[in-house]
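The structure under discussion appears below in the form of structure tokens.
Here, each number is a calculation from the coordinates, and none is a lab measurement. Being a predicted model, the structure only gives us computed values, none of them experimental. Glycine gets a Cβ as well: all are built from the backbone with ideal geometry, and neighbour counts include every protein chain shown.
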Amino acid sequence: MKQERTFLHKLNLFLKGLVMGIANKVPGVSGGTVSFVLNFYEELIYSFKKINLGGLKLLMKGELKSFYVHINGQFLLLIMGGSLFSYFSLSLVLDYFLANYELYVWSWFFGMIVGSIFYIGKDFSKWNFKIIIFLVIGVSIGIGVSFLTPAKENDNLWFVFFCGIIGVSGMTLPGLSGSFILILLGNYVLLLVDSVNVLSKVITEVFSGDFSVFRDEVKIRYLKVIAVFTGGSLFGLITMSHILGYVIKRWKHFVNAVIIGFITGSLGIVWPWKKTVFLEENGVFILDSKRNKIVENYERFIPEFSNNETWFAFLYMALGLGLILVLDFYGRKSKK
């Protein structure tokens, strides 16, 4: 894999990482879809796949430069650096817009996902009965997942590790939202909101010279949770990339058919017009504007076309779709 990159190419990869990081945090949106649309999905899988026994041997021998080259380190640092940076910066802005302009945010993402289906499917010419079967399987799984009921929050560290493995799937499997899976598992707020916020505060306090944080049992608990979650995520990234690398190499058309189907089926998750069903005692906490209620599930409905807000939502939907089409246009142009 080519290592020499221009400054603009490096900046471009970092910005792609930013977008993927934002997408990974939003329930219903897949970072894997972003990597597929922005044309770095296969290199991402290839790079994670190179974190193997051969790479570990180089690391154990102290051959850091060889290890860095072996795992396509420059690419991973730029993509993952951008993704992590967005978690503590741009994703906070997104939280604000979700709390205050939720309909328009979901409309934007809905349009982008529709555009992603077009982007992935436009060059897919090998249609036959088997491919269609896999497409239907993907659609069915996507629809099924979108209508599951969330579980309760669980901070058991073994379960948190499992959440890390499952949650990171949104980065490696286009169409599968890791954040939404964490909502279904009951741990979205614990892992992607509360723990991240506590980690940010701890880092700020430590850099300011305040080490009393390490005597705070509550903060220590959150630090343990995010450390175990991170470990599970890394384990999931490496194992899933090896599995996907093997599957894509041998059954690429079938995999693409399932991906197209899954993304199509998961549109129900990001349908902009939905009412939140709250429970007072049982259920799972998820991020909402009030932060004091428990969400059981969503009730989706058809919008009123006499409402100006509905037409603005369609405008944002069109803008999201248009963004993907523009990316597709410039992607084709750059290859000529």
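Relative to the Cα centre, what is the charge dipole magnitude of the range 7-335, using +1 at the beta carbon of each Lys and Arg, -1 at the beta carbon of each Asp and Glu, and rounding to the nearest 20 debye? It would help to have the intermediate numbers written out before the result.
Details: 29 positive and 21 negative charges, 288 e Å.
It comes to approximately 1380 debye.
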Original post:
For the charge dipole of the range 39-191, defined by +1 on Lys and Arg C-beta atoms and -1 on Asp and Glu C-beta atoms about the Cα centroid, which residue among 186, 103, 165 has the Cα displaced farthest towards the positive pole?
Top reply: 165
Original post:
If you look at just the Cα atoms of the range 7-335, how large are its Rg and its Dmax in Å?
Top reply: 20.3, 68
Subject >> Dmax and Rg, reported as Rg then Dmax, of the range 131-226 (C-alpha, Å) >> reply: 17.3, 60
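Using the beta-carbon distance between residue 52 and residue 248 and R0 = 22 Å, what value does 1/(1 + (r/R0)^6) give for FRET efficiency, to the nearest 0.05? Could the numbers behind the result be given before it?
Values: r = 16 Å, r/R0 = 0.75.
Computed FRET efficiency for residue 52 and residue 248: 0.85.
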**OP:** With an 8 Å cut-off on Cα pairs and a minimum separation of 6 or more residues, tell me the relative contact order of the range 7-335 in percent.
**Re:** 29 percent
Subject >> Pairwise label distance in nanometres, residue 39 with residue 227, each label 7 Å out on the Cα-Cβ vector >> reply: 4.3 nm
**OP:** Evaluate E = 1/(1 + (r/R0)^6) for residue 235 and residue 203, where r is the Cβ-Cβ distance and R0 equals 25 Å; express this FRET efficiency to the nearest 0.05.
**Re:** 0.60
Subject >> Using θ = phi - 60° and Karplus 6.51 cos²θ - 1.76 cosθ + 1.60, couplings along the range 8-14 (whole Hz; Gly, Pro as x) >> reply: 5, 5, 5, 4, 4, 5, 4
Original post:
Going highest first, how would you order 227-240, 251-264, 179-192 by mean Cβ packing within 10 Å?
Top reply: 179-192, 251-264, 227-240
